[in-house]
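Data block below; observations after.
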Amino acid sequence: MKGFMGAQLQLPPMYSAKLLDGKRAYEFARKGIEKELKTVQVYFHEIELLSFNIPEITVRILCSKGTYIRSFARDLGIALNSGAYLSALERTAIGQFSVKDAFTLESFEGYLQEIK
């Protein structure tokens, strides 16, 4: 996985919201229309292997905006001369916003009661 660190050219997945000819790529994909997607430059700041239990791995990634994690899974499978896909994704932060700072359902209900 060290080979993925830093700047990378990444091919977005066909089932993505990437704009192609004014429409989302997934709109073409759902109709079976093949369109050529262009690679985009992304940046991987950190990649950490959290668990390795064949056939599943868990990875923590800190990356630039515009990174496609499904594409990372595909590219990792190719690098391993194997197949790979994304079975789950949990976004824990976006910019300055973190899950650690988020309301729980109970605390949000309490907050709503306070402001009434």
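The values are calculated or read from the model by the stated rules, or taken from the named source; none is laboratory data. Being a predicted model, the structure only gives us computed values, none of them experimental. Counting neighbours? That spans all protein chains shown, and the Cβs are built from the backbone with ideal geometry, glycine included.
At-a-glance table
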quantity: Qualifying residue in region 16-30 (condition: exposed (fewer than 14 other Cβ atoms within 10 Å of the Cβ), basic (Lys, Arg), within 30 Å of Lys2 (Cα to Cα) and free of Cβ contacts under 8 Å to residues at least 24 places away in the same chain); calculated: no
quantity: Residue in region 52-69 that is of a type outside the set (Lys, Arg) and assigned to a helix (DSSP H, G or I) present; calculated: yes
quantity: Qualifying residues in region 96-113 (those that are more than 20 Å from the chain's Cα centre (by Cα) and among the charged types (D, E, K, R)) - the one nearest to Cys63 (Cα to Cα); calculated: Asp101
quantity: Failed item in (1) out of contact with any Asp or Glu (no Cβ under 7 Å at 6 or more places or on another chain); (2) modelled with pLDDT of 95 or more, with Gln113 passing the rest; calculated: (2)
quantity: For Phe103: the one exception among (1) loosely packed, with under 13 Cβ neighbours inside 10 Å; (2) in a loop (DSSP other than H, G, I, E, B); (3) out of contact with any Phe, Trp or Tyr (no Cβ under 8 Å at 6 or more places or on another chain); calculated: (3)
quantity: Lone qualifier among Gly110, Gly83 - being among the small types (Gly, Ala, Ser) and either assigned to a loop (DSSP other than H, G, I, E, B) or in contact with a Gly (Cβ under 6 Å, 6 or more places away or on another chain) (or both); calculated: Gly83
